[in-house]
Amino acid sequence: METLRALEDALLEFAGCILVISHDRWFLDRIATHILAAEGDSQWTFFNGNYQEYEADKRKRLGEEGAKPKRIRYKPITR
């Protein structure tokens, strides 16, 4: 936990731009100022704000059912 907190503090103090890829929603909520999200069907959404604000916006745009995560099904490879 101390290492993660040190990383968060360093990122918050960094004056430049960084691209962070994470599944840790709390971490993203703390450090992100913009979200670039892959929302399925090869659709990308750019959002100004943290992760919690993005989730609220996604529910507003897509509704509760549309905002739920969905497992992607791939066509099997046949020989």
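The values are calculated or read from the model by the stated rules, or taken from the named source; none is laboratory data. All of these numbers come straight from a predicted model, not from anything done at the bench. In this analysis, Cβ positions are derived from the backbone assuming ideal geometry, glycine residues included, and neighbour counts consider all displayed protein chains. Heavy atoms of the whole protein, side chains included, go into the accessibility calculation; ligands, DNA and RNA do not. Shrake-Rupley method; radii C 1.70, N 1.55, O 1.52, S 1.80 Å.
A few comments on the model shown:
- 0 to 90° range, to nearest 10: angle between helix 2-13 axis and the chain longest Cα axis: 80
- Charge context of Leu7, other residues only, Cβ under 12 angstrom, K/R +1, D/E -1: -3
- Label-point separation, Leu7 to Asp57 (7 Å along Cα→Cβ), nm: 2.5
- Listed candidates [x] -0.37, -1.35; [y] -0.46, -1.34; [z] -0.46, -1.15 - label of the one calculated as log10 I(q)/I(0) by the Debye sum over Cα atoms at q = 0.12, 0.26 Å⁻¹: [y]
- The solvent-accessible area of Arg30, taken with every protein chain present and a 1.4 Å probe, is close to 80 Å².
- Counting only aspartates and glutamates at least 8 places from Lys70 when in the same chain, those with an alpha carbon closer than 16 Å to its own are Glu39, Asp41, Glu55.
- Candidates Asn50, Ala37, Val20 compared by Cα position along the dipole of the chain: farthest toward the positive end lies Ala37, with charges placed on Cβ.
- Relative contact order computed over the chain (Cα-Cα under 8 Å; 6+ residues apart), in percent: 18
- Selected from Phe46, Phe14, Phe27 as most flexible by GNM, with the chain as the system and alpha-carbon contacts under 10 Å: Phe14
- Under 18 Å from the Arg71 label point (7 Å along Cα→beta-carbon), backbone N, the range 18-55: 40-41
- Note on the chain: with charges restricted to the Cβ of Lys and Arg (+1) and Asp and Glu (-1), its dipole about the Cα centre is near 700 debye.
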